[in-house]
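Trainee: Before I ask anything, here is the structure I am working with.
The values are calculated or read from the model by the stated rules, or taken from the named source; none is laboratory data. Since we're looking at a predicted model, the values are computed, not measured. Note: ideal-geometry Cβ built from the backbone for every residue, glycine included; neighbour counts use all protein chains shown. To get the accessible areas, we keep the full protein, side chains included, count just its heavy atoms, and leave off ligands, DNA and RNA. Shrake-Rupley method; radii C 1.70, N 1.55, O 1.52, S 1.80 Å.
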Amino acid sequence: MTGLLSGLAKFSDREIWEVLEEKSTQSFGDDEKNAADLKSPEWEVFSNPSAVTESPDFRLRTEDVPRGFEDYFSTIVLADRLREVRALVGFTRIESPGDYADSGEVPPALTAPLSRKPPSWVPASETRGEGLFIQFKEEALQIWERLPAVIKRSNRFLEAHRQWRMKRNLEPPEAGFPGIRYVLLHSFAHALMRGFALECGYTAAGIRERIYSASPAAENGPMAGVLLYTAAPDSEGTLGGLVSLGDPATLGRHLEQSLRQMRLCSSDPLCAERNPDPEGRMLHAAACHACLFAAETSCERGNKYLDRSVLVETVGPAGCGFFS
């Protein structure tokens with residue numbers, strides 16, 4: 001402390017203030033970009049759990065892939081301990097962060113600040129829970145993405161995405177399209193969340209999703225994985241109920257049941273025959289409240305980019321089912 005004070009004594013108050021002002025307005029370039037991209041470092045951790053150092057708030061372990069799903073999944077990771085920190089840095093009107101691939105992609109012009117001056121602190125909450133991570137096989141995904149029926153489905157979603165952005169004066173219209181890979185992973189996460197909620201005792205809003213999706217051509221790709229986790233301030237998320245479902249036999253049964261339920265919906269054939277709206281009014285296809293929709297607190301994209309026809313064969317368009 002003495003050395004620090006003697007060093008500061010060499011500068012006037014005005015000089016010190018100028019340095020502090022310069023630091024507060026300095027652009028950190030790549031650091032800001034990395035701070036907005038949280039999924040890439042998370043993916044590196046979950047896809048390589050053996051390199052993770054255990055701590056009281058974070059503990060991972062691997063489990064065998066359920067029998068019969070070896071061609072689809074490469075890794076099952078159970079998170080016995082998981083901590084989530086949520087910080088409120090601003091708010092939006094009309095457009096929500098769920099309208100974008102990640103909260104870091106929301107344009108600054110659409111985000112209202114918390115105060116008139118740059119805040120020195122923001123409100124945040126810290127919750128602890130557990131989770132289950134499923135990594136898809138990259139080779140199987142790439143083969144599936146090249147199927148003619150899947151390409152046609154992807155083009156339908158792209159056109160709906162383009163029209164949706166044009167109606168909101170967002171430029172360029174093609175920006176932010178997550179791709180058909182994301183539609184598959186997102187639909188799979190919702191199907192499995194509903195299956196877990198029906199049998200394991202968790203409430204429908206007690207399970208959240210985290211989708212890791214990026215094509216091999218992307219800067220941070222390839223990524224193909226789903227994290228389902230509980231992060232509740234009460235004791236529900238820390239009792240081990242979700243991790244216990246990661247047992248190969250138990251998880252295999254839930255996967256089979258969840259995918260079987262996606263073949264039929266109580267709203268069929270209307271639900272199964274629905275395509276992404278070319279006018280941009282909706283960004284989902286074969287999905288509704290009776291089959292795939294989840295609580296908005298559980299879904300990271302506001303129930304957009306969902307389609308159960310990319311999971312299994314339904315009474316609607318054929319040839320798109322990944323698990324078929």
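Trainee: Here are some conditions: (1) open to solvent by less than 30 Å² (accessible area, probe 1.4 Å); (2) in contact with a helix residue (DSSP H, G or I) (Cβ under 6 Å, 6 or more places away or on another chain). G302 meets all but one. Which one does it not meet?
Mentor: With respect to (1) open to solvent by less than 30 Å² (accessible area, probe 1.4 Å); (2) in contact with a helix residue (DSSP H, G or I) (Cβ under 6 Å, 6 or more places away or on another chain), G302 is out only on (1).
Trainee: Output the residues belonging to the stretch 50-74 that are surrounded by 18 or more Cβ atoms within 10 Å (Cβ to Cβ) and either touching a Lys or Arg at 6+ places or on another chain (Cβ under 9 Å) or aromatic (F, W, Y) (or both). Steps first, answer last, please.
Mentor: Going through the stretch 50-74, the residues surrounded by 18 or more Cβ atoms within 10 Å (Cβ to Cβ) turn out to be 60, 65-66, 69, 72-73.
L60, P66, F69, Y72, F73, listed by residue number.
Trainee: Could you list, in sequence order, all residues of the stretch 256-275 that are touching a Lys or Arg at 6+ places or on another chain (Cβ under 7 Å) and not polar (S, T, N, Q)?
Mentor: Answer for the stretch 256-275, where residues must be touching a Lys or Arg at 6+ places or on another chain (Cβ under 7 Å) and not polar (S, T, N, Q): just M262.
Trainee: I'd like the full set of residues that are of a type in the set (D, E, K, R) and surrounded by 15 or more Cβ atoms within 10 Å (Cβ to Cβ), limited to the stretch 143-172. Break it down into steps so the answer makes sense when it comes.
Mentor: First, pick out the residues of the stretch 143-172 that are of a type in the set (D, E, K, R): 145-146, 152-153, 156, 159, 162, 165, 167-168, 171.
Matches in the stretch 143-172: E145, R153, R156, E159, R162, R165.
Trainee: Another question, if that's okay. Evaluate the following for S6: is it surrounded by fewer than 11 Cβ atoms within 10 Å (Cβ to Cβ), at pLDDT 60 or above and either not hydrophobic (A, V, I, L, M, F, W, C) or not in a helix (DSSP H, G or I) (or both)? Working first, answer last.
Mentor: Values: surrounded by fewer than 11 Cβ atoms within 10 Å (Cβ to Cβ): yes; at pLDDT 60 or above: no; either not hydrophobic (A, V, I, L, M, F, W, C) or not in a helix (DSSP H, G or I) (or both): yes.
Answer is no for this residue.
Trainee: Look through A175, A191, A140 and report the one residue that is in a helix (DSSP H, G or I), among the hydrophobic types (A, V, I, L, M, F, W, C) and open to solvent by 10 Å² or more (accessible area, probe 1.4 Å).
Mentor: On the way: A175 fails: in a helix (DSSP H, G or I); A191 fails: open to solvent by 10 Å² or more (accessible area, probe 1.4 Å).
A140 is the lone residue from the list that is in a helix (DSSP H, G or I), among the hydrophobic types (A, V, I, L, M, F, W, C) and open to solvent by 10 Å² or more (accessible area, probe 1.4 Å).
Trainee: I need a count of the residues in the stretch 75-95 that are in a loop (DSSP other than H, G, I, E, B), in contact with a Lys or Arg (Cβ under 9 Å, 6 or more places away or on another chain) and on the phi < 0 side of the Ramachandran plot.
Mentor: Of the stretch 75-95, the ones in a loop (DSSP other than H, G, I, E, B) are 88-90, 92-95.
With in contact with a Lys or Arg (Cβ under 9 Å, 6 or more places away or on another chain) added as a condition, the list becomes 94-95.
Filter once more, keeping what is on the phi < 0 side of the Ramachandran plot: 95.
The number of residues fulfilling the criteria is 1.
Trainee: Using beta carbons and a limit of 7 Å, which pairs, at least six apart or on different chains, have the first residue in the stretch 290-303 and more than 15 Å from F188 (Cβ to Cβ) and touching a residue at least 60 places away in the same chain (Cβ under 8 Å) and the second one in a loop (DSSP other than H, G, I, E, B) and of a type outside the set (D, E)?
Mentor: A295/A204; A295/A205; E296/G302; T297/A205; G302/S96
Trainee: Return the pairs, sorted by first residue and then second, in which the second residue is open to solvent by 50 Å² or more (accessible area, probe 1.4 Å) and not in a loop (DSSP other than H, G, I, E, B), the first residue lies in the stretch 252-275 and is farther than 27 Å from I134 by Cβ, the beta carbons are less than 7 Å apart, and the residues are 6+ apart or on different chains.
Mentor: Partner pairs satisfying both residue conditions: N275/R156.
Trainee: Can you name the residue in the stretch 258-279 that is of a type in the set (G, A, S) and in contact with a Gly (Cβ under 7 Å, 6 or more places away or on another chain) and, of all such residues, is farthest from E313 (Cα to Cα)?
Mentor: Of the stretch 258-279, the ones of a type in the set (G, A, S) are 258, 266-267, 272.
Retained after the next criterion (residues that are in contact with a Gly (Cβ under 7 Å, 6 or more places away or on another chain)): 258, 272.
On the way: S258: 13, A272: 10 Å.
Among those residues, the one meeting the criterion is S258.
Trainee: Do you know which of the residues in the stretch 112-130 that are surrounded by fewer than 10 Cβ atoms within 10 Å (Cβ to Cβ) and not hydrophobic (A, V, I, L, M, F, W, C) is nearest to F91 (Cα to Cα)? Walk me through how you get there before you give the answer.
Mentor: Quick first cut of the stretch 112-130, residues surrounded by fewer than 10 Cβ atoms within 10 Å (Cβ to Cβ) only: 112, 115-118, 120-121.
Next, only the ones that are not hydrophobic (A, V, I, L, M, F, W, C) stay: 115-118, 120.
Working: S115: 11, R116: 13, K117: 15, P118: 14, S120: 17 Å.
So the residue we want is S115.
Trainee: Could you list, in sequence order, the residues of the stretch 221-243 that are at pLDDT below 85 and open to solvent by 10 Å² or more (accessible area, probe 1.4 Å)?
Mentor: G221, A231, A232, P233, D234, S235, E236, T238, L239, G240, G241
Trainee: Oh, and also: Return the only residue of G252, G201 being out of contact with any strand residue (DSSP E or B) (no Cβ under 9 Å at 6 or more places or on another chain), modelled with pLDDT of 85 or more and either exposed (fewer than 15 other Cβ atoms within 10 Å of the Cβ) or in a helix (DSSP H, G or I) (or both). Give the derivation first.
Mentor: Numbers: G201 fails: modelled with pLDDT of 85 or more.
None of the others qualify; the one that does is G252.
Trainee: For G104, work out the one condition from (1) at pLDDT below 85; (2) in a loop (DSSP other than H, G, I, E, B) it doesn't fulfil.
Mentor: Going through (1) at pLDDT below 85; (2) in a loop (DSSP other than H, G, I, E, B) one by one, G104 breaks only (2).
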